[in-house]
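These notes concern the structure reproduced below.
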Amino acid sequence: MNNTTLKVSCLFLILLLTGCNKKDAALPFHVTVSNETVAVNPSGFAPLSATISVVTSAQTKLTIRIAGKHGSASDIVKDFNEMSTTHTVPVLGMYPDFDNTVELIFKNAAGTEGGRKTYTIKTAALPENTYPTITIDKKTSQMADGMILVSYFGYNGNSIPQTPFFFDAFGDIRWYLDFRTSPELSSLFYDNGLERLQNGNFYCGDKYSNKIYEIDLFGKIINTWEMPGFYFHHQVLEKPNGNFILSVTKDGFPTEEDFIIEIDRNTKQIIRTWNLTVCLQNNRRTLWPDVSDWIHVNGLLYDPSDNTIIISGRTQGVIKLDQDNNVVWILGCHKGWGTAGNGRDLKNYLLQPLDRSNEPISDQNILDGNTNHTDFEWNWYQHAVKLKPNGNLMLFDNGGWNRNFSGAGQYSRAVEYEINATNKTVKQIWEFGKSRGTAALSAIVSDVDFLAASNHVIFSPGAVNNGTKYGKIIEVDYTTKEVLFEATLTPVQCFYGITFHRTERLNLYP
């Protein structure tokens, strides 16, 4: 073969290979599916869940769509970005007693679609006479993303565990946990309710087993933490480092609900204890006469700005404590404060209220809580203390039955305070709910949340008794106070008049 022939042959081969590559590149991305398995309620504890397992003919990532009853606005869509040929997809957000349409969409790494597969999944009906009537009073396109997680206290007259659930903007329940057949959680009493961990699972404390539980979205127990020597009540909170702080009662101690402990997530050991009878005044009866349950801690938060904790003591006030159990400040009416168990004068830690012009409010009747200032009201029997991104404190001011020691203020509200720890001052910045009066009055439990991404507030009175017993979830624009979403939950029966303790607006899929 001469050089000319060799060059022509090589050129032909190059063109042939190039042509093949172009032809192959032009082929559409197409996926076929085999080895399909659908498992409804695989754990036995989440009846509106399923898993779909498939093998695909090519490496793909998946998107799942659970079709809603009310058009695309009620669809649940979740993207899974892991590339594989074997997939087990969690199906979350189906309707009860319904032939649910679930669609899998197969894509390559660039996002090009290579096929779809649709499944019809039949679910069981909700347990009879257990869940509330959900009335959507208002919804708008401005409400934040996600559904409402309700840590529900309603029941059907039987001894059943507490049953958290998600409902959507149309009032349909799309997920719930039912632990009646659980060997460990069949008597679950989570008190404040479920919260979401940083890893996407849920967690709660249980009053009967005295454990913290990490639970996945199928209701499967992933991990537990014990608290030897203590009894759980109300709240457990995950710190940014993964440790837990929680409100507890000390075994054998003469008073109750007046200890806080920290548990190391990894070692599962108790690494810190706050004894509130030492740093506070357990004989103050200004708001409540109970000798044993003198403070009734019902909420906790961690302040990373100064490595402190803030506790809500329903019958005392809101108190910031450092890591060595020293009081930093006290938010609450000034009446009745004296000497702490460690001998310190607690009057030195009382916050001084300011008016809107930043002038100190000096009227002793206002300081003591007998009356209100135009610009300022104290917190009464509060719950759900939260920190806003700007460092301000937001809480649910219940009002209770004895606001201003007279019972005249028949309202609950969400309220925001600006606190200057150095100057020991407090200024009221924002409030919502007062104008609702008894229609949103919840003397006990209840929740408030600030949604930083949307600048919205969720105001949730959980134990309203206004002729009928119900709970409210009201989402408002922080700036305008316009109501963007409102729902009323009316239980069949409820525990001590409580419809729910806490609510959260969350995406069902983490």
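The values are calculated or read from the model by the stated rules, or taken from the named source; none is laboratory data. Predicted model only: the values in this text are computed from it and were never measured. Positions of Cβ are generated from backbone atoms using ideal geometry, with glycine treated the same way; all protein chains shown enter the neighbour counts.
Scanning the range 454-510 for residues that are surrounded by fewer than 21 Cβ atoms within 10 Å (Cβ to Cβ), of a type in the set (Phe, Trp, Tyr) and more than 26 Å from Leu92 (Cα to Cα) yields Tyr478, Phe495, Tyr496. Determine, yes or no, whether Gly115 is crowded, with 17+ Cβ neighbours inside 10 Å and modelled with pLDDT under 95. No.
When you scan the range 398-412, how many residues do you find that are crowded, with 22+ Cβ neighbours inside 10 Å and free of Cβ contacts under 8 Å to residues at least 24 places away in the same chain?
Restricting attention to the range 398-412, the residues satisfying the condition of being crowded, with 22+ Cβ neighbours inside 10 Å are 398-399, 403, 412.
Checking which are free of Cβ contacts under 8 Å to residues at least 24 places away in the same chain leaves us with 403.
Number satisfying all stated conditions: 1.
Restricting the range 284-309 to residues that are over 18 Å from the mean Cα position of the chain (by Cα), among the aliphatic types (A, V, I, L, M) and not in a loop (DSSP other than H, G, I, E, B), the residue that is nearest to Gly205 (Cα to Cα) is Val297. Of the residues Trp337, Trp274, the single one that is crowded, with 21+ Cβ neighbours inside 10 Å and more than 18 Å from Ser247 (Cβ to Cβ) is Trp337. Total residues in the range 233-284 satisfying the condition of being among the β-branched types (Val, Ile, Thr) and more than 20 Å from Thr308 (Cα to Cα): the figure is 3. Residue-level check: of (1) more than 26 Å from Ser446 (Cβ to Cβ); (2) surrounded by fewer than 15 Cβ atoms within 10 Å (Cβ to Cβ), Asp264 misses just (2).
Scanning the range 136-162 for residues being surrounded by fewer than 23 Cβ atoms within 10 Å (Cβ to Cβ), in contact (Cβ under 8 Å) with a residue 12 or more places away in the chain and assigned to a loop (DSSP other than H, G, I, E, B) gives a total of 11. Against the conditions (1) over 23 Å from the mean Cα position of the chain (by Cα); (2) of a type outside the set (Phe, Trp, Tyr); (3) buried (at least 24 other Cβ atoms within 10 Å of the Cβ), Ile429 satisfies every one except (3). Among the residues of the range 440-448, not a single one is in the same structural domain as Arg403 (by TED's automatic domain parsing) and surrounded by fewer than 16 Cβ atoms within 10 Å (Cβ to Cβ). Out of the range 251-284, which residues are closer than 30 Å to Asp368 by Cβ and of a type outside the set (S, T, N, Q)? Pro254, Glu256, Glu257, Asp258, Phe259, Ile260, Trp274, Leu276, Val278, Cys279, Leu280, Arg284 - these are the residues of the range 251-284 that are closer than 30 Å to Asp368 by Cβ and of a type outside the set (S, T, N, Q).
Inside the range 441-472, residues that are part of a strand (DSSP E or B), of a type in the set (A, V, I, L, M) and under 16 Å from Gly146 (Cα atoms) make up a count of 3. Among the residues making up the range 22-81, those that are in contact with a Phe, Trp or Tyr (Cβ under 9 Å, 6 or more places away or on another chain) and in a helix (DSSP H, G or I) are Ala73, Ser74.
If the condition is being touching a Ser or Thr at 6+ places or on another chain (Cβ under 7 Å) and either among the hydroxyl-bearing types (Ser, Thr, Tyr) or not in a loop (DSSP other than H, G, I, E, B) (or both), then the range 486-510 contributes Ala487, Thr488, Leu489, Thr490, Phe500, His501, Arg502, Thr503.
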